[in-house]
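Here the structure is laid out as structure tokens; the discussion comes afterwards.
The values are calculated or read from the model by the stated rules, or taken from the named source; none is laboratory data. Computed from a predicted model, the values in this text were never measured in an experiment. No Cβ is skipped: glycine too gets one built from the backbone with ideal geometry, and neighbour counts run over all protein chains shown. Only protein heavy atoms, including side chains, enter the accessible area calculation; ligands, DNA and RNA are left aside. Shrake-Rupley method; radii C 1.70, N 1.55, O 1.52, S 1.80 Å.
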Amino acid sequence: MSETNAAPGIRGLETLLDDRMVSLESPQTQQITRVAVNNLFQFLTENNDVDSVADVDEQDARDWVIHLVKEDELAANSIRTYFALARATFGWWQRSGEIEQNPLATTTAEEVLPSKSNDVEQQFWNADARERLLNYVDERAHAALENDSSDAARAFRDRSLVYILADTGVRGAEVCSVSRDDRRNGLQWADVDLEAGVMTVLGKSGDQESVSLPGVTSEKLARYRRLVDAPDEWPVIPTGDATSKYRAVREQLRERGYEDEAIEGVLEDCEIDEVLREYEVAPPALTTEGARTLLQRLCEEADVDIDGDYLKPHGGRRGLGDELYGEVAAESAQEVLRHKSIETTHASYRDRHPEDLAADIEKVRYKSE
């Protein structure tokens with residue numbers, strides 16, 4: 001979404017926003033106000049059939065807030081800031097006679113705003129916890145391989161998932177399957193170019209997006225694929241649930257014309273993983289729920305936690321963004337996290353670095369002392 005241009009399809013919005021800017025002295029407030037209001041109208045034009053400022057009602061405002069909360073990108077305080085700026089803008093338009101009522105100045109939308117206490121739920125993987133978890137899954141994979149364990153493939157799968165979450169900035173739903181969403185069936189090996197260090201995921205917007213793979217992560221994935229010799233159409237992170245594998249075999253063989261009796265005969269005398277390969281049936285991908293359960297178990301085994309909680313999938317994305325924002329550049333964080341607007345990146349990470357900014361000022365002002 002553009003930071004300055006009004007959301008498409010809204011009659012007169014750009015003019016009304018320009019009028020509103022006259023009443024705001026701070027350029028930063030002007031910019032964030034534009035981003036917040038455009039975010040609102042972008043959502044409404046795509047989901048609520050709104051094409052003018054006067055069309056917005058209380059339910060529209062509520063739907064927008066719920067959308068922001070579910071996006072899992074902005075911290076709770078940033079969502080409240082967006083809402084406050086949009087509400088103030090609608091209030092200004094009301095006083096100017098452009099609209100009769102302010103749809104955001106009601107409890108209908110306000111009651112679904114996240115509370116300040118929800119900010120603590122925005123978990124970031126810190127460097128210590130991340131390294132301890134990575135070391136654990138490394139040691140676990142090596143031990144399984146050395147012991148010629150039948151669990152080696154699963155140990156390498158688990159390690160691959162942790163490295164992907166820690167080092168690429170992906171969302172869990174971009175690599176795992178999502179229940180009740182037929183579009184999200186998990187990342188396949190065909191979507192991963194290990195030589196180029198790139199994988200292609202179905203982004204939050206529904207578009208195909210490129211994700212960079214650091215060299216270390218590419219090496220882990222390459223070692224894993226050599227071990228399992230997975231076909232292109234197989235998921236990178238398959239489920240380990242036998243029931244789901246049996247269901248996949250039965251469903252796909254039925255589609256190929258096999259009778260139920262013949263299918264059960266196939267399944268009776270063979271290990272399910274052997275059947276998957278012999279009959280070229282791709283196993284289902286691990287679900288996002290399964291990924292959270294897996295991470296919880298791994299963290300318990302590794303004795304790793306953040307404030308008493310296990311390392312959650314989205315915390316890896318936030319942790320990487322936090323480090324890039326603070327140690328490299330906001331633009332790098334935006335590119336890696338694939339934020340459409342740099343203001344989304346600022347809103348997510350700017351308030352986490354006052355101490356770093358103070359250190360930068362000291363370097364500039366007192367570097368010779």
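Considering Trp92, Trp64, the condition of being more than 30 Å from the chain's Cα centre (by Cα) and either modelled with pLDDT of 85 or more or of a type in the set (Lys, Arg) (or both) is satisfied by Trp92 alone.
Hey, does region 199-217 have a residue that's of a type in the set (Ser, Thr, Tyr), over 15 Å from the mean Cα position of the chain (by Cα) and part of a helix (DSSP H, G or I)? Taking every residue of region 199-217 in turn, at least one turns out to be of a type in the set (Ser, Thr, Tyr), over 15 Å from the mean Cα position of the chain (by Cα) and part of a helix (DSSP H, G or I). Selection over region 212-226 of residues that are open to solvent by less than 50 Å² (accessible area, probe 1.4 Å) and touching a residue at least 60 places away in the same chain (Cβ under 8 Å) gives a count of 3. In the set (1) surrounded by 12 or more Cβ atoms within 10 Å (Cβ to Cβ); (2) under 34 Å from the mean Cα position of the chain (by Cα), the condition left unmet by Glu233 is number (1). For the criterion of being within 18 Å of Arg297 (Cβ to Cβ), of a type in the set (D, E, K, R), outside any strand (DSSP E or B) and over 14 Å from the mean Cα position of the chain (by Cα), Arg140 passes. Looking only at residues of region 1-33 that are touching a helix residue (DSSP H, G or I) at 6+ places or on another chain (Cβ under 9 Å), at pLDDT 85 or above and charged (D, E, K, R), we find that the one that is surrounded by the fewest Cβ atoms within 10 Å (Cβ to Cβ) is Asp19.
Each row is one residue, and each column tells you yes or no for (1) surrounded by 15 or more Cβ atoms within 10 Å (Cβ to Cβ); (2) of a type in the set (Val, Ile, Thr).
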| residue | (1), (2) |
| --- | --- |
| Tyr82 | yes, no |
| Ile99 | yes, yes |
| Thr106 | yes, yes |
| Ala129 | yes, no |
| Asp148 | no, no |
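Inspection of region 301-311 finds no residue satisfying the criterion of being free of Cβ contacts under 8 Å to residues at least 24 places away in the same chain, part of a loop (DSSP other than H, G, I, E, B), out of contact with any helix residue (DSSP H, G or I) (no Cβ under 6 Å at 6 or more places or on another chain) and of a type in the set (Phe, Trp, Tyr). Out of all the residues in region 299-328, which are of a type in the set (A, V, I, L, M) and either surrounded by 22 or more Cβ atoms within 10 Å (Cβ to Cβ) or over 20 Å from Val170 (Cβ atoms) (or both)? Listed by number, the residues that qualify are Ala302, Val304, Leu311, Leu320. For region 148-180, a residue qualifies if it is part of a helix (DSSP H, G or I), of a type outside the set (Phe, Trp, Tyr) and under 16 Å from the mean Cα position of the chain (by Cα), and the qualifying residues are Leu161, Val162, Ile164, Leu165, Ala166, Asp167, Gly172, Ala173, Glu174. Given the condition exposed (fewer than 15 other Cβ atoms within 10 Å of the Cβ) and at pLDDT below 90, answer yes or no: does some residue in region 34-45 qualify? Scanning region 34-45 turns up no residue that is exposed (fewer than 15 other Cβ atoms within 10 Å of the Cβ) and at pLDDT below 90.
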